[in-house]
Amino acid sequence: MSWAVEEWKEGLSTRVLQKIQELESQVDKLKKERQQRQFQLESLEAALQKQKQKVENEKNEGATLKRENQSLMELCDNLEKTKQKISHDLQVKESQVNFQSGQLNSSKKQIERLEQELKR
């Protein structure tokens, strides 16, 4: 079949045949170069998609970490409020204990006085 393709070249001068051969060679070279560039393009597109996916994953992870951070900050705030409440409750109870301790000491002294009076 290639002889039919070559048939049209019959009768052409050597110079023209040489130029045709150069052009065909250049066409083959350009086809190979096009294939290589197409392969490079496909490789770059695949790498781009991979990077886009990586960026998307990192955005999602960032959003997840942001939500987790917000949740932890709220938890810390709640714990701080609880700590302050417990601290306040402790101070109130310490005041009550001190007051009752004073009353106890006063009562002990009064008992001692009464016991002294009874002995007399």
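Read-outs: derived from the displayed coordinates by stated rules, not from any lab. In this text, all values refer to a predicted model and were calculated from it rather than measured experimentally. No Cβ is skipped: glycine too gets one built from the backbone with ideal geometry, and neighbour counts run over all protein chains shown.
Binning every alpha carbon pair distance of the stretch 13-87 at 10 Å from zero, what are the percents per bin?
With 10 Å bins starting at 0, P(r) equals 15, 16, 14, 12, 11, 9, 8, 6, 4, 3, 1.
Using label points projected 7 Å from each Cα along Cα→Cβ, tell me how many nm separate Gln21 and Trp8, to one decimal.
Taking the two extended label points, one gets 1.9 nm.
Would you work out which of Leu23, Ala63, Leu41 lies farthest towards the positive end of the dipole of the stretch 13-87? Charges go on Cβ: Lys and Arg +1, Asp and Glu -1.
Value: Leu23.
Select from the stretch 1-96 those GluC sites (Glu not before Pro) which occupy a DSSP coil region and have at most 10 other Cβ atoms within 10 Å, ordered by residue number.
Hits after loop and neighbour filter: Glu10.
For the stretch 13-87, with only Lys/Arg (+1) and Asp/Glu (-1) charged at the beta-carbon, what is the dipole magnitude about the Cα centre, in debye rounded to 20?
The dipole of the stretch 13-87 has a size of about 180 debye.
Ignoring everything except DSSP H segments at least 4 long, calculate the 222 nm mean residue ellipticity for the chain; use -39,500 (n - 2.57) per segment, divide by total residues, nearest 500.
-35000 deg cm²/dmol
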